[in-house]
There are 2 protein chains.
Amino acid sequence: MTARQTHTQRSDAMKAKLVEAATASLVERGYAATTAVEVCRRAGVTRGAFNHHYTSLGDLCGDVLDDLYTRFSIGRDEPQATLQSMLEQALSVYALPEFKAVLELWLACRNDAKLGADLFAKVAACATRFEPSAYPHLAIRFKQHPSGEAVYWLIFETIIGLALARATSPMGEGPAHESVVIEQLITMARDQDAVMCATENQKNALSSQPGSEANRR
Amino acid sequence: MTARQTHTQRSDAMKAKLVEAATASLVERGYAATTAVEVCRRAGVTRGAFNHHYTSLGDLCGDVLDDLYTRFSIGRDEPQATLQSMLEQALSVYALPEFKAVLELWLACRNDAKLGADLFAKVAACATRFEPSAYPHLAIRFKQHPSGEAVYWLIFETIIGLALARATSPMGEGPAHESVVIEQLITMARDQDAVMCATENQKNALSSQPGSEANRR
DNA sequence: TTGCATACATACACGCATGTATGTAACCTG
DNA sequence: CAGGTTACATACATGCGTGTATGTATGCAA
C-alpha cells in the first residue's frame, strides 16, 4: 500500500507526523520528556528521519507552535462584532488539552536560552492574534469605550487562568468553580456589549437628527 | 565562625539551603534543569548532603512547595472581611517570581507520575488555603450572596492568568494591559462589597436591636 | 538510462544525571 | 570517654539522550 510519493509529499507527511507526535508528547509528558527518541518512537520512525528534517528539538517546536496557534484561532474568519461572540469563540477552544503543550513551550522558552532565541519571536508574533486588533469591529468600539478593552483583557486573562487550572489538574478537568466563573464572564460581556451598543445607537440617532450631545457622561 | 552546632541545627540549616537552592533553580531554569547536581552546586554542598536528607528530588520538592505556599499566604493572619482587602493581599504576592517555581511543580506533577504521587496530595491540600473558606468573614457573606463567591473566583482566576503572563514573559515582567485589568478587578471587588454591605445593613436595621456587631468602629 | 539530490536508517562516541557503596568527621548518649 | 549514630564527602557503575558519521534506497532531472 505504500504508493509512490513525491519528495515534498513524503517530507510534508513526515513533518506532520513528527509535529503531531511532539504535540502529544508535550501534552502527556511535558517538555522535558519530549526528547528526540520519544518523538520518533511515537511517530514510528528512527532518529535519522527527525535529524534530516529538523536541526534540533527547538526547530521542531517552532512548527508545533505554529500548528497549535492556528488551531486556537479557528472560527476567527468572520469578524466578531461583540464581546459575547468573542467570548464564545474563546470558550470553544480554551479547554483543549493542547493548551498544555503551549504552556510547556512558554516555560521551556524561559528555561532554555537557545530555545527561547528560536521561539520567543514566534510566540510574540502569535500573541498578536489575540489582541483586540485581531477583532477589527471590536477595536473600533474600544476607541469610543476604553472600558470595553478593559473587559476584553479581563476576560482574556480569566480564561487563561481557567485553562491553566485544567492543564495542571491531575486528569485535565476544570476546577469546581469553572462554570460559575464562565457565567460571570458571559454576563460581563453581555453588559458591556449593551453599553457600547446603546451609545452607538444614540450617536446614530443624533447624527441623523442634530441636537445636543450633552446627555452622555 | 563555624561554631559547634547540634545535629538538628545542622540538618535544618542544610535543608533550608537545599530548599532555597531548588527554588532558585526552579525559577531561573525550570524543573527539567533542576537536577540534584544543580541544586547542590547552588547550595555549595556535595550530592552526599542532598542524598542524606532526601530520598529523591520529589521529596525535596515537597518541602519547596510547603515553603512557597507559606510565603504566598502571608498577611492572612487577620481575617479579611471584604473582597477588596482580599484582592489587595493577593496583589501583594501575585507578582513574586517564585510563582514560576510553583507553576513548574504543578506541571512536573502531571508529567512525572512518581512526582505526582508524592505531591498531588500536598498541592490539593495547599489549594484549600485559597478557597473562600480561608476567609471566614467572606464565606459567611457568600452564603447570603452567591454572586460574591462568583466574583471571588473570577478575581482568583484572573490573577492566576496575570501571574502566568509574568512567569512566561522573557524578563518576568507583566503584560501591557496588566494595570488596566487590575483596576477592573478593584472596581469589581468594591462594587460587590458595596452590594453585600448594603443588604447587610438593611438586615441589621430590620432586626433593629443594636446588639454586638452592628456598630463596630 | 545515468547521475545526483533527497529521505531516511544504522552505528558509535560522548556528556551528564542518577543510584549506590564506602569512607570520615562531627555529635550524642550512657 | 567509649561506642554508636548522624551528617556529610568521595568514587564508581549504569542508563539515557545527543551529535555525528556513514550506509542505502527512493524520487527526479538531464
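Every number here is computed from the coordinates shown, using simple stated rules; none is lab data. The model shown is predicted, which means the values in this text are computed figures rather than measured ones. Cβ placement follows ideal geometry from the backbone for every residue including glycine, while neighbour counts extend to all protein chains displayed.
Extension gain, B:GLU88 to B:HIS52: 0.36 nm times the residue separation minus the Cα-Cα distance gives 8.8 nm. In this simple spin-label approximation, A:GLU173 and B:ASP66 carry label points 7 Å from Cα along the Cα→Cβ vector, and these lie 2.9 nm apart. Counting charges near A:VAL181 (Lys, Arg +1; Asp, Glu -1) among other residues having Cβ under 11 Å from its Cβ returns a value of -4.
In 10 Å bins starting at zero, report the fraction of Cα pairs in chain A per bin as a rounded %. Values per bin, smallest distances first: 7, 27, 27, 19, 11, 6, 2, 0. Note the angle between two axes, namely the Cα long axis of helix B:7-33 and the longest principal axis of the Cα atoms of chain B, as a number of degrees from 0 to 90, rounded to the nearest 10. With rounding to tens, the tilt is 80 degrees.
Centre-to-centre separation between the Cα atoms of the stretch B:11-67 and those of the stretch B:108-125: 17 Å.
Position A:SER133: other-copy label points at 4.8 nm, ordered by increasing distance, label point 7 Å along Cα→C-beta. Considering the protein assembly as shown, its Cα convex hull presents a mean projected area of 31.4 nm².
Length gained on full extension, B:ILE140 to B:VAL45, computed as 0.36 nm times the residue gap minus the Cα-Cα distance: 29.2 nm. Rounded to the nearest 10 degrees, the inclination of helix B:113-127 to the longest alpha-carbon principal axis of chain B is 30 degrees. Taking the square roots of five times each eigenvalue of the Cα gyration tensor of the stretch B:95-143, the equivalent ellipsoid has semi-axes of 28, 14, 6 Å, listed largest first. Here is how far apart the A:CYS197 label points are across copies: 3.4 nm, shortest first, using a point 7 Å from Cα toward Cβ.
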